[in-house]
1. Consider only pairs whose beta carbons are under 7 Å apart and that are at least six residues apart or on different chains; among these, list those whose first residue lies in region 102-115 and is closer than 13 Å to Val42 by Cβ and whose second residue is modelled with pLDDT of 85 or more and in a loop (DSSP other than H, G, I, E, B).
2. (1) of a type in the set (A, V, I, L, M, F, W, C); (2) modelled with pLDDT under 60; (3) farther than 26 Å from Val122 by Cβ: which one isn't true of Ala19, the others all being true?
3. Here are some conditions: (1) modelled with pLDDT of 65 or more; (2) under 20 Å from the mean Cα position of the chain (by Cα). Ala36 meets all but one. Which one does it not meet?
Amino acid sequence: MKRSHEVALWMLGVGLGVAILSEDKTVEQLKQDRYASKSDCVQDWGSEENCKEDSDSYSRVGSGGGGGGGGSGYRGPRYYWDRSAGHPVIVTDSGQHRPMPSAHPSGNYLSHSVGSVDAGTVTRGGFGHFASRSGGG
């Protein structure tokens with residue numbers, strides 16, 4: 001009798017562990033904001049390391065503001081909006097995720113961007129760990 005209780009408890013524990021670890025995965029669309037100047041980008045993202053020169057910034061923004069083709073601009077980091085935390089999360093080229101509670105990306109009235117583009121996707125899952133990454137920008 002004791003052995004059957006141990007087996008039942010063990011199986012219950014395994015079942016709960018699998019259910020918790022296989023928590024729903026969420027696919028997030030990554031965005032990347034475009035800027036007319038480095039200073040506008042730094043105002044939104046807090047440091048120069050988050051802002052890279054982008055020679056085709058205006059042509060990729062299209063009619064989102066930026067105007068007449070050519071010219072150089074800057075791009076901010078790839079990010080997604082963490083709805084539960086209420087701020088953007090940067091996804092680096094190496095796949096690291098860095099919360100940015102003080103950033104002002106597009107969609108926020110404080111943003112200085114001239115537009116944004118889709119920059120791939122990232123899949124998050126299980127206890128907030130990030131299961132995989134795809135796309136690029």
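The values are calculated or read from the model by the stated rules, or taken from the named source; none is laboratory data. Since the model is a prediction, treat every value here as computed from it, not as a measurement. Positions of Cβ are generated from backbone atoms using ideal geometry, with glycine treated the same way; all protein chains shown enter the neighbour counts.
1. Ser102/Gly46; Ala103/Gly46
2. Here Ala19 meets the rest and fails (3).
3. The single condition Ala36 does not satisfy is (2).
Here is a yes/no grid of residues against (1) at pLDDT below 90; (2) surrounded by 11 or more Cβ atoms within 10 Å (Cβ to Cβ):
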| position | (1), (2) |
| --- | --- |
| Gly66 | yes, yes |
| Gly69 | yes, no |
| Tyr74 | no, yes |
| Pro77 | no, yes |
| Ile90 | no, yes |
| Gly95 | yes, no |
| Pro99 | no, yes |
| His104 | yes, yes |
| Leu110 | yes, no |
